[in-house]
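A short reminder: the numbers here are calculations on the coordinates, not readings from a lab. This one's a predicted model, so the numbers in the text were calculated from it and none came from an experiment. Quick reminder, even Gly has a Cβ in these numbers, built from the backbone with ideal geometry, and neighbours come from all protein chains shown.
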């Protein structure tokens, strides 16, 4: 049986290869490993990339070794994606639909249209932290009933007619 080696292009020779940038097929060989072309330079756009045969020849795939089988993996316990809620749900109260205009208390259960059912862990004026099956989320709640110390007061107006100083109106 006569074996004829396949001829491959030398470095610097013109070859056909599919360009990943412009789609052209005329390239120059830039690098080889053994007899295989590994890098080419596109003559159209100047891009360098790995050699891709325009004829769709499959690459030699590495077959798994049959002489040394892999050892079986030890079974691991499933990892919980999220921890448990910080507070227990108050099961005596019904589940409430979430709305930003409502006020909530710690331990209440809420039904959110996107995240599903959750338990309120912390409640502050204007925001709540809710534990859902998909994780913790900070949501908006009503500020009604908030302490008066958190309210802002309107500053007293300044008297702009007095150029010497900017004392508030009504103060001397």
Fill in the blank from the handout: Sorted largest first, the Cα spans of segment 96-140 on the principal axes come out in Å as 24, 16, 15
Problem - Residue order, fewest to most surrounding Cβ atoms within 10 angstrom, among 67, 101, 17, 142 - result: 67, 101, 142, 17
